[in-house]
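S.K.: Take this structure, written in structure tokens, and hold onto it; I'll ask about it next.
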Amino acid sequence: MSTTREVIALQFGNYSNYIGTHWWNIQESSFSYNPEDAPSEINHDVLYREGVNLNKQVTYTPRLLLVDLDGSLKHLPREGELYGNSVKRATDDSAGDPLKKIKEDLEDLSTDVEIVQQPQADKHDFQKDLENPVVDIQEQNYNLADNVETWTDYLYARYHPRTVNIINEYKYDTEKQTFDTFSSGVQLWKTEQFEYDFCDKIRQYVEECDYMQGTQVLFDCFNGYTGLATECMEYLNDEYSKAIFAIPVYSPRNTLFENADEPMTDSIRVVNSALAFHKLSEQASLFVPLGTCDRVWRQLGAARPLSALNYKADNLYQTSAILAGYLDTITLRYRLRNAPSAYSLAGFCGDLTNYGRKLASAAFAMPFPMQHDMDLIDCLDKFEGPLFTSLTPNCNIGTDYIIQSLCVRGIARERLKQPLEKAKEQMRMAAYKCDSVSEMFQLYLQCANHASMSHVASVSMAIPTRIPFPNEIFTDEMTKLGFLSTTARRLAEEKVVSVPALAAVQSSSELGDTLETLHREAKRVKIAKLHRFRAAGLEEDDYRDALEQLLLFKDNYEDNFEL
Amino acid sequence: MASISLLNPKAEFARAAQALAINISAAKGLQDVMRTNLGPKGTMKMLVSGAGDIKITKDGNVLLHEMQIQHPTASMIARASTAQDDSTGDGTTSTVLLIGELLKQADIFLTEGLHPRIVTEGFEKARNKALAILDDVKIPIEINKKNLMGIANTSLRTKVHPGLADVLTEVCVDAILAIRKDEKPVDLHMVELMEMQHKTATDTSLIRGIVMDHGTRHPDMPKRLENAYVLTCNVSLEYEKSEVNSGFFYKTAEEREKFVRAEREFIDQRVQKIIALKRKLCDGTEKTFVVINQKGIDPMSLDALAKEGIMALRRAKRRNMERLALACGGTAMNSFDDLDESNLGYAGVVYEHVLGENKYTFVEECKNPQSVTILIKGPNKHTIVQIKDAIRDGLRAINNALLDKCVIPGAGAFEVRAYNELMKYKDTVKGKVRLGIQAFAEALLVVPKNLAINSGYDAQDTIVKLTEEDRLNPEPIGLDLSTGEPMKPVDMSVYDNYLVKKQILNSCSVIASNLLLVDEVMRAGMTSLKG
Ligand SMILES: Nc1ncnc2c1ncn2[C@@H]1O[C@H](COP(=O)(O)OP(=O)(O)OP(=O)(O)O)[C@@H](O)[C@H]1O
Ligand SMILES: [Mg+2]
């Protein structure tokens, strides 16, 4: 009996759902439906569940709950489409109108029925084509970077009716954020919708699991979702006491809060962040902030440059795809088939959080910059500068005294080195004795990082980047398979189908600075002047306490510990 | 609004008059949307969202939640009305209608130059009088099935079709009677509502016991047991791979193994305690054993329990722990240290039912169930949701009656009686204030009028008939919706809750007065109008 160790995924907030959408899309585009294929290295059952709908059709859906505001779903019915329970309106008069049918059935039983309907929501062309078996979506050009209005536009995955949870108290608006404070998120958690219904949905997922590893919580870390998500983590700890891997995310677009100008918006984000980080230091097993901006405390900074990528700094659709690529890679460690038990969510979190260092940083290279005709051994030998780019705002890549967990993917073993007879120069390198990709990286890191410890996992499958992944972010120096080429340029109509990547989570003393700057900014905010926090129940003393705790938490990163 | 004090008095007056006009039109607008819902003959509304989500309802509160109300006045009325629902579960439609009508009636006098202050003074007097009349017409009830059926059926027939309402009435009343102690209202949390998308709405039924939305997770576990001991507990039977550190920090593989084994043994011991108790109590008898755990049970533990013929469920709802103890007896255990027979509950039968990907477990034939489950059935989600809303209202109507120990004759009877009495009362009051009382009296008729209109009868004819008949009768007179003729609500068992009516009178007069005194409200900084 193979034991699948299940993980439950939670997504709180619109930008988190942008990322999540890409992530589930990436996973599903790597599914193989061909029974002849060798089983995938990835055990998809970790995050997916099998079910049956009322028509006795088998479904395979993410073990996911997501939360967003009313108005963010556009064409997507709240219960999803797999299990019925929503109507498709008649497009012409010939076929019977399903609405009329329901109305007539009801009228048979009682009095008049009045239909009050909102105009049918627009469907993105991509969604229309998904329903059209004649169209090959890979052949189309949807221009998603310019016309996506919300994540449901490019959602390829299909969800279980449990998955989508809509907050009716606040309305979705791309121009202003209405769900504003940590405290209003805390208040919202105390409503029946969350305290009973949402928790019960979590329980239903947990009940289905034989060997649940824990939860992974992706949430918007700048608005009211901070309060909602961290309250949820507290519930998870009380009820299940399993590992919680939290990923607070920052949108690259500084959408103003309702009734707030830009400085006020910045202040609210800083306060929410400080309160969230404090709570995370208590409730999460590990938390790794993510964002493509280099700074997010006060005023959003510049876009992080990733080699061979060209993305628009504030494009939600594109930036979320990069973050999703990171997530898909870093989480491989606990999603592999037949993995040793150290490859678990608890192991992953535990390895990185000694001395109470629950905050860690993210680093990523997509593509992993490797020439298409080069061996890994030479590639690493010639590498200059850091291997990857930080994706944790206000945090630099650590080099010394670090603990890190890496995952490299998409580099085949054949690309490691030359066989003996052709090895030539390579034989002179110490790395030549390495027989696997992970071993070679281990060795490299031992040399590159002083007094550090690295866990390296390697997976042969690259990140699939087919539509609806944003292909336009790849420069033309990348080949179809995502390697670099200095000579040939990829033609415009040729798509990159997959990219090799390297993702890391690092625990380093750099994070002390991250916390210190957050603390400094948060302390400068005059909380009494932000009435909306008080109005939602935050006491000044509580805020002060949270900041003090944050400072204590920072101390965990002070001394270089002994390994 | 800070600048308002800088306006000259004339402009201020104009501004106030304008604001008042806006208030009145907003109230009317909301009234127009809601009026068709009132009463059992009100129109059912089928709301369809842009994405095709369906919601079917006749409930004022549900509609108010679904409507996107932008206008501040309208949303203030809506809030007053949903507050009404939060506290009593009923009367939202009447609240909206009555506020609108109070403003309309007041408007007639205001355009003739009457000051809003005078009107609101009249409202207050009228409200007090109306509350006294309410006390006069209330009918004390004995708490028995027949009386509760009347109030529940009246409520449910305003929400779902009559055939279904009759089924639900019995279900709701039986549920409350089953768990009621003394004459007091019950804790409605002890009535679990469980949904099953299956069959038809009229298959909804009361289970005198507990239904859970999960089942066994082991192929060899019994799916049905009779004569069962029930152990409810909150004890982990799951080997938690609780290792904090993994790869780096174990010196040797053996060290790791040892740790794992110790952990596993710890869990096994717990399982063995259950098995030992089961053997002691059940082996050689007809008795069987069921474990319902709030914590997890892993496959190895399930396997051990299955081998003993024990049925075990994991991850039960926290609230079901308490409910199970009330339904089956016994106590929910937090440890197995002193586990013995006295901790266990009993159920005549425990069985599993599978429906698509969902499993249900029924715990029935409990000796003296103090917690019950209403099993809601329906062919689709929107029917189930509609029934669930209706049942909540029905349960609350019954509970309100337990609290009040009395009911009010419905079908417009109270409003007609109050109208007649207020018109008499008005003549005893001196000065223009009486006009406010008259406006209030007229406004109350909005209820019988709309009950008539929604059944296809002429509003004026009906009011004439009803008010005349009421004057001739000591008992209050309401409208028979199937004939359009006056009738005695008591004869037809049409009852409303006392506290619902009371709250409607109170909140409507306050809100309407606030809206009328809009100029003063504005001066006060609009605080009561803002969110
Ligand atoms: N069988 C009946 N015959 C006549 N009138 C009835 C009957 N049943 C209920 N009514 C009247 O209908 C009114 C209640 O209608 P309804 O429940 O639709 O509105 P509501 O209680 O004001 O608001 P809500 O939508 O919150 O329930 C009461 O005045 C009640 O007396
Ligand atoms: Mg009602």
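The values are calculated or read from the model by the stated rules, or taken from the named source; none is laboratory data. Only a predicted model underlies this, so the values are computations on that prediction, with no experimental measurement involved. As a convention, Cβ positions derive from the backbone with ideal geometry for all residues, glycine included, and neighbour counts pool all protein chains shown. The area values use the complete protein model at the heavy-atom level, side chains included, leaving out ligands, DNA and RNA. Shrake-Rupley method; radii C 1.70, N 1.55, O 1.52, S 1.80 Å.
S.K.: Take segment B:134-149 and flag every residue that is closer than 21 Å to B:E415 by Cα and buried (at least 21 other Cβ atoms within 10 Å of the Cβ).
M.R.: Filtering segment B:134-149 for residues closer than 21 Å to B:E415 by Cα gives B:134-141.
Across segment B:134-149, there are no qualifying residues.
S.K.: Residues in segment B:335-346: is at least one within 14 Å of another protein chain (Cβ to nearest Cβ) and touching a residue at least 12 places away in the same chain (Cβ under 8 Å)? Write out each step before concluding.
M.R.: Here is the first cut: in segment B:335-346, the ones within 14 Å of another protein chain (Cβ to nearest Cβ) are none.
No, because not a single residue in segment B:335-346 is within 14 Å of another protein chain (Cβ to nearest Cβ) and touching a residue at least 12 places away in the same chain (Cβ under 8 Å).
S.K.: Would you check which residues across segment B:359-394 are within 16 Å of ligand 2 (Cβ to nearest atom), away from chain A (no Cβ under 14 Å) and open to solvent by less than 10 Å² (accessible area, probe 1.4 Å) and list them?
M.R.: B:I391, B:G394
S.K.: Go through the residues of segment B:99-113 one by one and say whether even a single one is under 26 Å from the mean Cα position of the chain (by Cα) and either open to solvent by 30 Å² or more (accessible area, probe 1.4 Å) or closer than 20 Å to B:I453 by Cα (or both). Reasoning before the result, please.
M.R.: Going through segment B:99-113, the residues under 26 Å from the mean Cα position of the chain (by Cα) turn out to be B:99-100.
Retained after the next criterion (residues that are either open to solvent by 30 Å² or more (accessible area, probe 1.4 Å) or closer than 20 Å to B:I453 by Cα (or both)): B:99-100.
The answer is yes; a qualifying residue exists.
S.K.: Across segment A:157-173, what is the number of residues that are touching a Ser or Thr at 6+ places or on another chain (Cβ under 7 Å) and either among the aromatic types (F, W, Y) or not in a loop (DSSP other than H, G, I, E, B) (or both)?
M.R.: 4
S.K.: Here is a check on your reading of the model: is B:Q105 of a type outside the set (F, W, Y) and within 16 Å of ligand 1 (Cβ to nearest atom)?
M.R.: Values: of a type outside the set (F, W, Y): yes; within 16 Å of ligand 1 (Cβ to nearest atom): no.
So B:Q105 does not fit the description; no.
S.K.: Please indicate, with yes or no, whether at least one residue in segment B:189-205 is outside the structural domain of B:G412 (by TED's automatic domain parsing), over 17 Å from the mean Cα position of the chain (by Cα) and closer than 22 Å to B:D85 by Cβ.
M.R.: Checking segment B:189-205: not a single residue is outside the structural domain of B:G412 (by TED's automatic domain parsing), over 17 Å from the mean Cα position of the chain (by Cα) and closer than 22 Å to B:D85 by Cβ.
S.K.: Among the residues in segment A:300-321, are any free of Cβ contacts under 8 Å to residues at least 12 places away in the same chain and either within 14 Å of chain B (Cβ to nearest Cβ) or farther than 18 Å from A:C221 by Cβ (or both)? Let's see the steps before the verdict.
M.R.: Taking segment A:300-321 first, the residues free of Cβ contacts under 8 Å to residues at least 12 places away in the same chain are A:302.
If we keep only those that are either within 14 Å of chain B (Cβ to nearest Cβ) or farther than 18 Å from A:C221 by Cβ (or both) too, we end up with A:302.
Yes: segment A:300-321 contains one or more residues that are free of Cβ contacts under 8 Å to residues at least 12 places away in the same chain and either within 14 Å of chain B (Cβ to nearest Cβ) or farther than 18 Å from A:C221 by Cβ (or both).
S.K.: Check whether at least one residue in segment A:406-415 is open to solvent by 50 Å² or more (accessible area, probe 1.4 Å) and either closer than 24 Å to A:C349 by Cβ or out of contact with any helix residue (DSSP H, G or I) (no Cβ under 8 Å at 6 or more places or on another chain) (or both), and report yes or no.
M.R.: So far as segment A:406-415 goes, yes, one or more of its residues are open to solvent by 50 Å² or more (accessible area, probe 1.4 Å) and either closer than 24 Å to A:C349 by Cβ or out of contact with any helix residue (DSSP H, G or I) (no Cβ under 8 Å at 6 or more places or on another chain) (or both).
S.K.: Right, something else. Would you check if there is a residue in segment A:138-147 being hydrophobic (A, V, I, L, M, F, W, C) and more than 17 Å from A:Y317 (Cβ to Cβ)? First the steps, then the outcome.
M.R.: Going through segment A:138-147, the residues hydrophobic (A, V, I, L, M, F, W, C) turn out to be A:144-145.
From what's left, more than 17 Å from A:Y317 (Cβ to Cβ): none.
There is no residue in segment A:138-147 that is hydrophobic (A, V, I, L, M, F, W, C) and more than 17 Å from A:Y317 (Cβ to Cβ).
S.K.: Hey, can you tell me all the residues within segment A:184-239 that are assigned to a loop (DSSP other than H, G, I, E, B), within 9 Å of chain B (Cβ to nearest Cβ) and in contact with a Phe, Trp or Tyr (Cβ under 7 Å, 6 or more places away or on another chain)?
M.R.: Of everything in segment A:184-239, just one residue is assigned to a loop (DSSP other than H, G, I, E, B), within 9 Å of chain B (Cβ to nearest Cβ) and in contact with a Phe, Trp or Tyr (Cβ under 7 Å, 6 or more places away or on another chain), namely A:Q213.
S.K.: Residues that are within 19 Å of the chain's Cα centre (by Cα) and either away from chain B (no Cβ under 14 Å) or not hydrophobic (A, V, I, L, M, F, W, C) (or both): list the strands (runs of 3 or more DSSP E) wholly contained in segment A:24-79 that include at least 3 such residues. Before the answer, list the steps.
M.R.: Numbers: elements: A:48-52, A:58-62, A:64-70.
By residue number, A:64-70.
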